[in-house]
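Accompanying notes for the structure given below.
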Amino acid sequence: MPYFVFRVSADRQLKLVNTCEKYKEAKDLCRELRKSESPDNPNGIRMAFAETEVKAKHLLAEKRQPSSPLEEWEA
């Protein structure tokens, strides 16, 4: 399964930047894009591991439940 790298706009729209076969490639791409395009907004670039682009967008768009009380408190 590939890794999908997305740019997240201010209105939370996802735009596909690239698709990578290896995790390291996707991670390095995310780091470079965050440094150059959104150093003050780390959530401006997101990565998802999924079967298709549609499933990756769905994963990034869904609201997740906090996995611990600390996360719930911080939210």
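Values quoted throughout were computed directly from the atomic coordinates according to the rules given, and no laboratory measurement underlies them. Every value quoted in this text rests on a predicted model; they were computed, and no experiment measured them. Here the Cβ is made from the backbone with ideal geometry for all residues, glycine too, and neighbour counts use every protein chain on show.
What the table shows:
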quantity: Label-to-label distance, nm, for residues given as Lys15 and Asp40 (7 Å Cα→Cβ offset); calculated: 1.9
quantity: Lys, Arg +1 and Asp, Glu -1 on Cβ, resulting dipole of the stretch 3-62 about Cα centre, debye, nearest 20; calculated: 80
quantity: Alpha-carbon spread of the stretch 3-62, three principal axes, descending order, Å; calculated: 30, 27, 14
quantity: 10 Å Cβ shell holding at most 10 others, DSSP loop, GluC sites (Glu not before Pro): longest site-free stretch of the chain; calculated: 22-50
quantity: Sparse-neighbour loop sites [trypsin sites (Lys or Arg not before Pro); the stretch 16-69; at most 15 other C-beta within 10 Å; DSSP]; calculated: Lys22, Lys63, Arg64
